[in-house]
Structure formats: structure tokens, C-alpha cells
Amino acid sequence: MVQKLFEKAKESLILSDSKQNIEVQSELPFAIVEGKPYTQMPTDLYIPPEALEVILEAFEGPLDLLLYLIRRQNLNILDIPINEITNQYIEYINILGEMNFELAAEYLVMAAMLAEIKSRMLLPKPIDEEGVEEDPRAELIRRLQEYERFKSAAEDIDTLPREGRDYFLASAHVISKQYFVQPPEVDMRELIMAFKDVLARADLKISHEIEREVLSVRDKMTHLLDILRVKKYVSFNALFDPEEGKQGVVVTFLAVLELMKSQVFDLVQNESYGQIYIKSLQDEGEENNGN
Amino acid sequence: MEIKQIKNIIEAALLAAGEPVSIKRLQKLFSEQELTHNDIAKAIEQLNQDFTDRGIELIEVASGFRLQTKTQLQPWISKLWEEKPKKYSRAMLETIVLIAYRQPVTRGEIEDVRGVAVSSYIIRTLMEREWIRILGYRDVPGKPAMFGTTPEFLDYFNLKSLQDLPTLAEIKDIETLIPELDLEPKLKNELEQEIKKEGFLDQFQIIDDEE
Amino acid sequence: MEIKQIKNIIEAALLAAGEPVSIKRLQKLFSEQELTHNDIAKAIEQLNQDFTDRGIELIEVASGFRLQTKTQLQPWISKLWEEKPKKYSRAMLETIVLIAYRQPVTRGEIEDVRGVAVSSYIIRTLMEREWIRILGYRDVPGKPAMFGTTPEFLDYFNLKSLQDLPTLAEIKDIETLIPELDLEPKLKNELEQEIKKEGFLDQFQIIDDEE
């Protein structure tokens, strides 16, 4: 029984792996790869142990090594001669082990996978629901293909123009890189909310005082001060603009009184019933504290 | 080697180096072409002429030649590093609003209302922004400055005059109109969006009409 | 504002920035002139044409526009420095490529494809270079980080977007696309010599015998 099974396995091996049998007479093609007869073994199928250490450093792991082994035999990746590859691979693992490579673990996992595939190849292949024969190598092939895609993508990206190798950033000297801080945006509503807060916090007396204030008087006070900044001496009559009407006159008058109360200016009259002037009381301060 | 190619290489080298490059160092780039010191100097001179109409200029400093941006472009270039504006603090907003409503007002008066000191930083910032100015000095001990707002302040808020500032009555009404002030920030945000959509001034109009 | 002046300012700004500048950021330089996105784009295009005959060129990469030396001048410009540019290991390149094409991707997923562990050193180096960033954490036991690439990665390789990456080979076509193994030519040669010396068939015989 065992003998029979073995025979059968050997048969399937020869079928699926046409390159397997090397004990063929030299005149005959010992292998047929993709319909092409081979009368000689590829000269570089095997890497001598002395070179292994060097070459392994050039590999990015077991998949990379496997890809190399397959490619060295000019084989279709979809038609991996699992027996040969496994033999070779395991041989490398042995040497690797001797050299105590830290990478060995990953290579061992691959060796186990190869051995598993190899053993499954020896057995009749299971047939799935769709009636297709399942190739034990399918998963390995998928992984190899997947890896190869990214391997070549890495090679491609390595050829892209790269800063410091193919091009250099152009920059010019700048005399000063001084900051220029942009002032923030302020919304009127923010101001109003802030005002409400202040009013709410201010004690009752101040709060009422503010509420009583009429903006137009405040506005006029600012206006008067502006005039006095330029002219230090202004005729009282000139402050009133008849076009502002009665209300405007009242506002101006209130503004004058308010400013006099704050001791900003004085009223001056040189003679009785003569012209009244407004005299600014602030000439020294401006230059000293201005900015 | 054509002079144009030499100029291009020198230009590219000066821009790539990021530091001044001496003629000697430039000469090394052309080791295969065996250009003389003179060849390089001539190319640099020509290059300099090419820059007359451009945004950069060639300058010779102690350690060699360098390319730099033209000074007259500085006002634009410096904007590259503009910082993102930070929001004004509550203290800043309260100060500006008090100056607006109570001008001419001294720092002491602002402090009386706010109940806390007004920092010099706040006054300086508002002065630099040209939103406030000194209207004069009160004739009392210490001669405190009286602050007022500027036309720029009015412009910024699209106001024709101080009288266009919302009146206290309107502010009170806003309070009843936007009662969300102490609500969840999210809700507040939504309401604010609503208001923005509606147009703030229209809202005011409505309040006014109702009065 | 004249187009020439706009071009000059853009040129100076790109050279001053030392990093890619977006149109939006350039637009801010002209805030007073109120140039549109289109105005800037047009000036950039014209500027680009001006550079045809020059040593530098205008390139659009992921994070904006920048000026860089033309690649064909590399033989001269690289002589500015003694140091040779760094080479990246295949492990590094394969890792970054997997992150670029497969993002968001976990370290475990990268290891699955590569068949080897990804060293922490590589991840750390890529993070430090700001080529990759953590996009989030996968909701599986261990909560592994998911990595993705940054605009800086694209900038470095002169790319505008991930779509500009070389297209990934089709799985089906792979057997026809297998490129020559890229061992160093010298190493490859040595190996071949070695192999010839040892005699291939004998070695093979031994393996077979051991079976």
C-alpha cells in the first residue's frame, strides 16, 4: 500500500514538475520548460555556501530569495518546480542555521511552507466545489506575485527624481523674515457681548451712569477734542453748527460742559460781552505721553 | 560650453547652496570643462544683468556670491510668514467697547468700570491697530490721557459715526432676543449661524420697528 | 499691478519660502491687490515659461509650487557638496511603497506582504522624515496603528498626488513583468565566477544524494 502510494506520488511529481528528474541521459532534454527543451542545467541554479552570506544580505527575506531562485531558472512564476526549489531552499536554511542568522526564523517559516506544499503535491490533489483541482502552490504563488509587485514598485520609486540626488531645492536669501502679525477679526456682536458683560459686572452706580450717557454727547466731545488738538484756541461760537439744528446745539453745549468738568479746557473772555474762546489746557502732555 | 549653460549652472548652484558661494567653489563645478576664474567672473557679471528685471538679485558678500530677494519686494515677501491672528481677549474687547461708548475716557475710568487694571499691552495693541487714539490729557494730577476711537475703528465696523453704535436699549433687546448666551456652546453656534444668515442689521431693524 | 511685478513677487516668494507654497498662500501676499486664484495661476504659468531657458524650474508638488534646480544640471550642482546623496535600503523603499499604495496599512499587513518583520528603525526613520503618519488605529486586538503617507513624502519624490505614483503591476501580468534581479553587477559577477569554479552539477548531485 505504502509502496503503491509512493509510486503514485512519484508519478504525479514527474508530471507536475517536468524539470524534476535530473537522472536523464545527457543527450536527451532533461527538462521541458514552457515547451522549451533544456539539455543543460542552468549554470546558476545553485548558490555555493561561501557566497550565501553575501547574497542573503542582498535579499529582503524568504519571498525575495524564493523569487530569485525561481527567476534564476527562467521559470514561469505560475509554474514553480516545488520539489527542486524546496530542496535548494532547505539546503540554504541548513547553512543559514549554521551561520546563526537572525533572519533564520522567517526563512524557516518559508521552508516549512515549502515542505508542506511539497508533501501535498505528493498526494492526490483535492477537488473543490467547482470541480477545479486545487493546486497546493496557489497560495505561495499569490504571495510571490504580491510581493513582486511591491518589489518592482520599490524599484520604480527609487528611480523617481529625488531631492538631494536628482534635484535641489532653490532658495534665496531673505533680508529679514520679520513677522507681520495680522490683527484678528472682530465682530460687532463680540463687542456688544463684551459690553453687556462689563455692564453686568460694574457696580450699580457706574452701570446706571453709563446707561444715562447719551452717545451723541460722547461723540461730540471726541469731535471737540479733535478740533482742539489742532487749534489750541477756538472761538466758542465756531463750535456750533447751525445745520445740526436745535438738538445739535444742545448736544454740543452739553459736550462743552462735560469737557470743562473734566478740566480739559477753559473758557476765556477778554472783555465783557466780548467773544468767548475755548482754550486748551493740555499742551505739554501730548508730546510726552503720546505714544 | 556655452555661456548660457554656464550661467544656468551658476544660477542653479547659488540657489541650491543656500549660502554664499565663492568663485573658487563655483570653479570646482566645472572641473571637467576647466573654466578659469575669469570665465566664472564673467558669467556672474552677465547673470547679474539678467536679474535687473527679476525678483532676485545677485549680491557679493564676504564669503562669496549669493542670490537674495529684492528689498523692494519685502512688503509682499514678509507676508509669507504672517502669523494666524489670535482672537482678542475678553479684556481687550471690553476695553475697546468702553472706549467707544465712554470716550473721551481715561485708563483709570476704564479700570473703574471693569473693576480690574487695564494692561499697557491692551492699550498699545489698540493704538497700533489705530482703533483708539489719545484725544487729550485731563488737567488733573498725573495728566491722564483721554482715549477715543478713530475713524478707522468706525470704518472697520462699517459705522458712519459713533451714533450708529447699538444703543443700550438695543443691547438689552439683544439679550432677550438671544437668550442662548449661557446655553450650550453648540446651540449658541447654531443660533449665531442663524443670525448671520438673517443678517445682523436686519435684526436690528426689526427691534427698532417694534419699539 | 503689472504681470511682470506679480511674477517677480511670486518668484521671490517661492525662493524665500524654502518650502512649497500653495496658490492660496501666494494669494495672501497680494491681499491689498486682491488678486484672484486665477490671476496667480496665470502668473505661475507664465513664470514657468520664463524658466524654459534657465537653470531652475517651477514644479507643482503635493503641498504647492516650488522652484528647484533642473535635473539635467545634477552632474554640476552635486559637485557643490563632497557628500554623496544617501541611498535608501530596499527594506526602506519596499516599506514606504507598501504604505503608499496600501494606506491605511498596519505594520502586520506590511510584514505579510514582505514576508519579513519590519524593523522599528525603519518605521521610526520614516516617521522622523515625516514621510508617514499614523492615520488611526485598527479596531482589532492590539489596536495596531494604521500608517499613511504625508504630502512631504510626495514632495520629496516630486509627486503631486498619490495617483502620480508609478502604477502597480497587475497581478496577472506579473510573470511577463519580472525584471532582472537587481543585485549589484559586481556581486553578481563574483557569484557567477564562484559558481563556475565550484562546478554546478557536482553540487547539485550532492543535494540529490542527500535526499
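Looking across segment A:147-192, just one residue is buried (at least 18 other Cβ atoms within 10 Å of the Cβ), more than 10 Å from chain B (Cβ to nearest Cβ), of a type in the set (A, V, I, L, M) and under 22 Å from C:Phe65 (Cα atoms), and that is A:Ile157. Here A:Ile210 meets the list (1) buried (at least 18 other Cβ atoms within 10 Å of the Cβ); (2) within 10 Å of chain B (Cβ to nearest Cβ) almost entirely, failing just condition (1). Residues of segment A:213-224 that are more than 57 Å from the chain's Cα centre (by Cα) and within 7 Å of chain B (Cβ to nearest Cβ): A:Met221 alone. Only one of the listed residues (B:Lys7, B:Lys24) is of a type in the set (D, E, K, R) and more than 9 Å from chain C (Cβ to nearest Cβ). That residue is B:Lys24.
Among the residues of segment B:67-88, those that are more than 7 Å from chain A (Cβ to nearest Cβ) and touching a residue at least 12 places away in the same chain (Cβ under 8 Å) comprise B:Lys70, B:Leu73.
Taking residues in segment B:153-169 that are closer than 14 Å to A:Arg189 by Cα and at the interface with another protein chain (Cβ under 7 Å from one of its Cβ atoms), and partners anywhere that are in a helix (DSSP H, G or I) and of a type in the set (Asp, Glu), the pairs with Cβ atoms closer than 7 Å and at least 6 places apart or on different chains are B:Leu168/A:Glu211.
Could you tell me which residue of segment C:49-66 is farthest from the chain's Cα centre (by Cα), considering only residues that are more than 13 Å from chain B (Cβ to nearest Cβ) and of a type in the set (Gly, Ala, Ser)? It comes out as C:Ser63. On the basis of being closer than 18 Å to A:Pro161 by Cβ, modelled with pLDDT of 90 or more and not acidic (Asp, Glu), does C:Leu154 make the cut? Against the criterion (closer than 18 Å to A:Pro161 by Cβ, modelled with pLDDT of 90 or more and not acidic (Asp, Glu)), C:Leu154 qualifies. For segment C:111-126, the criterion of being modelled with pLDDT of 90 or more, assigned to a helix (DSSP H, G or I) and among the basic types (Lys, Arg) is met by at least one residue. Is it the case that B:Arg133 is crowded, with 16+ Cβ neighbours inside 10 Å and either part of a loop (DSSP other than H, G, I, E, B) or of a type outside the set (S, T, N, Q) (or both)? Yes; evaluated as a whole, the condition is true for this residue. Where helices (runs of 4 or more DSSP H) sit wholly within segment A:203-262, those with at least 2 residues that are at pLDDT 80 or above occupy A:215-230, A:245-261.
Screening C:Lys84 against (1) charged (D, E, K, R); (2) part of a helix (DSSP H, G or I); (3) within 26 Å of B:Gly18 (Cβ to Cβ) leaves a single unmet condition, (2).
Any residue at all in segment A:133-146 that is out of contact with any Pro (no Cβ under 8 Å at 6 or more places or on another chain), under 25 Å from C:Tyr156 (Cα atoms), buried (at least 17 other Cβ atoms within 10 Å of the Cβ) and modelled with pLDDT of 85 or more? No: zero hits.
Evaluating A:Gly248 against the criteria (1) small (Gly, Ala, Ser); (2) crowded, with 17+ Cβ neighbours inside 10 Å; (3) more than 10 Å from chain B (Cβ to nearest Cβ) leaves one unmet condition, (2). Pairs meeting the criteria (first residue in segment B:91-107 and in the same structural domain as B:Val118 (by TED's automatic domain parsing), second residue part of a loop (DSSP other than H, G, I, E, B) and among the hydroxyl-bearing types (Ser, Thr, Tyr), beta carbons under 6 Å, at least 6 apart or on different chains) are lacking. Applying the condition of being surrounded by fewer than 23 Cβ atoms within 10 Å (Cβ to Cβ) and closer than 17 Å to C:Ala169 by Cβ to segment C:91-124 and asking which residue is farthest from the other protein chains (Cβ to nearest Cβ) yields C:Arg102. A:Ala111 meets the conditions (1) over 15 Å from A:Phe59 (Cβ atoms); (2) modelled with pLDDT of 75 or more in every case but one. The failed one is (1).
The values are calculated or read from the model by the stated rules, or taken from the named source; none is laboratory data. The shown structure was predicted, so the numbers you read here are calculated from the model rather than taken from an experiment. Neighbour counts run over all protein chains shown; Cβ positions are idealised from the backbone, glycine included.
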